[in-house]
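The values are calculated or read from the model by the stated rules, or taken from the named source; none is laboratory data. Just so we're clear, the structure is a prediction, and the values are computed from it rather than from any experiment. Virtual Cβ from ideal backbone geometry, glycine too; neighbours counted across all protein chains shown.
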Amino acid sequence: MQSFEYVRATGVRDAVTAATTDGETAFLAGGTTQVDLMKDGVLTPRVLIDITRLPLRGVVAGPDVLRVGALTTMEELAADPVVTRRLPVVRESLLLAASTQLRNMATIGGNLLQRTRCRYYRDLSCACNKRVPGAGCDAINGHHRMHAILGTSEHCVATHASDLAVALVALDATVRTSGASGERALPLSAFYQAPGDTPGVEHELRPGELITEVEVPLLPEGTRSGYLKVRDRASYEFALASAAVAIEVTDGVVRDARIALGGLATVPWRCHDAEDVLRGAPASEETYRAAADAALTGARPLPGNAFKVELGKRTVVRALSMVTEPQVTGPPE
Ligand SMILES: Cc1cc2nc3c(=O)[nH]c(=O)nc-3n(C[C@H](O)[C@H](O)[C@H](O)COP(=O)(O)OP(=O)(O)OC[C@H]3O[C@@H](n4cnc5c(N)ncnc54)[C@H](O)[C@@H]3O)c2cc1C
């Protein structure tokens, strides 16, 4: 591992002041991604600021919004009673991610900023535009079964890895930050950047800017929501395809709907066109299939991941059916 300066911050201002704005600083939260990537030489910060002592841990529920401190662990958020009752989509996205041990360490801020699991990004012997701008992308002509079919560019096809981010994009959550130029509130829907010509730029956060809190609007009472994750094995695995859905049905008609996709795109993928198909239509499998077709419009698969187009559609249909049909099973283990 390349040597670095370690700084332990005790307050938000302290952490932000210690951070350099030249891109050479990283924050250390649960460390479940940051430390691995530093050991492998993928990330080489000059300064590592330990933020684990900052007072950013906890969940506060208001009448319409849930405020989640950035250092709240994934397990703590999943266990929150308001999340359990009002935001099953968030709870399920958390409990279907990683493992219990990881979720006890991993924080919400860190989860939203975790790096892609693209193996070419993580292997220094491979060409990767995200890791080394202009180097090329070995995934495009390589083994890309897990890679993205939506939001890709000729420079990068890596998927976004966070399950929670998919649920939070569907819910129109907001990220609150603190940085050298003050505090900001950034809608998560506009937070992540598709790779385009600059795959190394993944989000709107400025160098040295700290996520302090995430605000999650509560779903109206009566809205059903859920997260379906399709993967190669039943646990401890990233998504091949996933769907975060929330739907309000009255008298058999869809009044409102939210859909976002994971495992299929370079960023958590909100599907406004699919939501438009659902609103005002009968809550039926035929409608769900039409919405799924709209959700996958614009998919640009590679030879090795063409199966993801149909898989993505079936994931949307099953997720919508799952939340609108009577539930016979409990939440995921
Ligand atoms: C084996 C394994 C399986 C996994 N499976 C899944 C899965 O199925 N689904 C899923 O979603 N995730 C999965 N993960 C990822 C895991 O959820 C993340 O590693 C974790 O959430 C990161 O949180 P952390 O607190 O450990 O972040 P860290 O590793 O400490 O940090 C991650 C990044 O975020 C930055 N950062 C952290 N907090 C802040 C902040 N408050 N402000 C600004 N920057 C910050 C760090 O500088 C770093 O760049 C898996 C991880 C492993 C190792």
Positions within region 190-224 being within 23 Å of ALA70 (Cα to Cα) and in a strand (DSSP E or B), in sequence order: TYR192, HIS203, LEU210, ILE211, THR212, GLU213, VAL214, GLU215, VAL216, PRO217
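Could you please let me know if ILE108 is modelled with pLDDT of 95 or more, farther than 27 Å from GLY208 by Cα and among the β-branched types (Val, Ile, Thr)? Steps first, answer last, please.
Details: modelled with pLDDT of 95 or more: yes; farther than 27 Å from GLY208 by Cα: no; among the β-branched types (Val, Ile, Thr): yes.
For ILE108, the condition - modelled with pLDDT of 95 or more, farther than 27 Å from GLY208 by Cα and among the β-branched types (Val, Ile, Thr) - is not met.
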Hey, CYS126 more than 16 Å from the ligand (Cβ to nearest atom), buried (at least 19 other Cβ atoms within 10 Å of the Cβ) and either under 22 Å from LYS39 (Cβ atoms) or not β-branched (Val, Ile, Thr) (or both) or not: no
Neighbours by Cβ (under 8 Å, 6+ apart or cross-chain): first from region 33-45, at pLDDT 95 or above; second basic (Lys, Arg) and part of a helix (DSSP H, G or I): LEU37/ARG122; ASP40/ARG122; VAL42/ARG122
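Which one is farthest from MET322 (Cα to Cα), of the residues in region 197-235 that are among the polar types (S, T, N, Q) and at pLDDT 95 or above? So that I can check it myself, show each step before the final result.
First, the residues of region 197-235 that are among the polar types (S, T, N, Q): 198, 212, 223, 225, 235.
Filter once more, so that each one left must be at pLDDT 95 or above: 198, 212, 223, 225.
On the way: THR198: 38, THR212: 34, THR223: 13, SER225: 9 Å.
Once the filter is applied, the top-ranked residue is THR198.
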Residue satisfying condition, being buried (at least 19 other Cβ atoms within 10 Å of the Cβ), over 18 Å from GLY200 (Cα atoms) and either in contact (Cβ under 8 Å) with a residue 24 or more places away in the chain or more than 8 Å from the ligand (Cβ to nearest atom) (or both), within set VAL16, VAL12, VAL7: VAL16
Selected residue (criterion: nearest to CYS126 (Cα to Cα)) from residues of region 19-73 that are near the ligand (Cβ under 7 Å from one of its atoms) and in a helix (DSSP H, G or I): ASP36
Selection count where residues are under 18 Å from the mean Cα position of the chain (by Cα) and of a type in the set (Gly, Ala, Ser), scope region 84-143: 7
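Looking at LEU264, LEU240, can you tell me which residue is at pLDDT 95 or above and either surrounded by fewer than 14 Cβ atoms within 10 Å (Cβ to Cβ) or touching a helix residue (DSSP H, G or I) at 6+ places or on another chain (Cβ under 6 Å) (or both)?
Values: LEU240 fails: either surrounded by fewer than 14 Cβ atoms within 10 Å (Cβ to Cβ) or touching a helix residue (DSSP H, G or I) at 6+ places or on another chain (Cβ under 6 Å) (or both).
Unique residue meeting the criteria: LEU264.
Looking at ASP163, ASP123, ASP172 in this structure, which one is among the acidic types (Asp, Glu) and free of Cβ contacts under 8 Å to residues at least 24 places away in the same chain? Explain how you work it out, then say what you get.
Details: ASP163 fails: free of Cβ contacts under 8 Å to residues at least 24 places away in the same chain; ASP172 fails: free of Cβ contacts under 8 Å to residues at least 24 places away in the same chain.
Of ASP163, ASP123, ASP172, the one residue that is among the acidic types (Asp, Glu) and free of Cβ contacts under 8 Å to residues at least 24 places away in the same chain is ASP123.
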